[in-house]
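Here is the structure we will look at.
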Amino acid sequence: MTSEHIEMRDGVYYVRAARISLDSIVYAFREGCSPEGIREDFDGLSLAQVYGAIGFYLDHQVDVDGYLARRKDQWDELERGGIPPSADLQARIDRARDRTSLPRS
């Protein structure tokens with residue numbers, strides 16, 4: 001499954017000729033971000049690429065949702081096998097998260 005705007009590399013869907021995953025576009029779209037807002041969040045993407053990615057998702061929603069679920073399962077498995085951060089590192093991460101707020105369009 002590919003299109004003019006989406007390609008698969010190493011088992012992951014990406015916006016063609018970009019380093020932005022389809023996952024990133026779809027999650028932003030699901031959160032209610034407008035295509036224009038998504039474009040602002042991802043330097044290097046044109047509005048046509050964003051609309052193309054959203055169109056691909058809408059045309060293949062069942063397949064892409066399954067793909068995203070499998071990717072989440074893979075990520076969860078990696079997290080389970082990883083080494084938890086030290087208490088100091090976790091505290092610094094938590095403080096950084098508290099200070100950082102990314103506005104969404």
Next item on the list: With all protein chains present, calculate the accessible area of F42 using a 1.4 Å probe and round the result to the nearest 10 Å².
Entry: 40
Notebook entry, point to check: Among D59, D41, D94, which one shows the biggest mean-square fluctuation in a GNM of the chain, springs joining Cα atoms closer than 10 Å?
Noted result: D94
Note to self: Running a GNM on the chain with Cα contacts under 10 Å, which residue among A28, A17, A87 ends up with the highest mean-square fluctuation?
What the structure shows: A87
Next item on the list: Send over a whole-number figure in Å² for the accessible area per residue of the chain, probe 1.4 Å.
Entry: 69
Notebook entry, point to check: Which percent of the accessible area of segment 50-96 is formed by carbon and sulfur heavy atoms (probe 1.4 angstrom)?
Noted result: 58
Notebook entry, point to check: Accessible surface of R70 in the full protein assembly, 1.4 angstrom probe, to the nearest 10 Å²?
Noted result: 140
Next item on the list: Let me know the Rg and Dmax you get for the chain when you use only its Cα atoms, in Å.
Entry: 16.0, 46
Check: Which shape class, rounded, prolate or oblate, goes with segment 35-90 when its Cα gyration tensor gives a ≥ b ≥ c as root eigenvalues, a/c under 1.5 marks rounded, and past that a/b bigger than b/c marks prolate?
Finding: oblate
Next item on the list: Could you pull the accessible area for I54 with a 1.4 Å probe, rounded to 10 Å²?
Entry: 10
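If a/c stays under 1.5 just call it rounded; otherwise compare a/b with b/c (prolate if a/b is bigger, oblate if not). Do that for segment 1-62, with a ≥ b ≥ c from the square roots of the Cα gyration tensor eigenvalues.
In terms of gyration-tensor shape, oblate.
The values are calculated or read from the model by the stated rules, or taken from the named source; none is laboratory data. Quick caveat, the model's predicted, so the values are computed rather than measured. Protein only, heavy atoms only, side chains kept; ligands, DNA and RNA dropped before computing areas. Shrake-Rupley method; radii C 1.70, N 1.55, O 1.52, S 1.80 Å.
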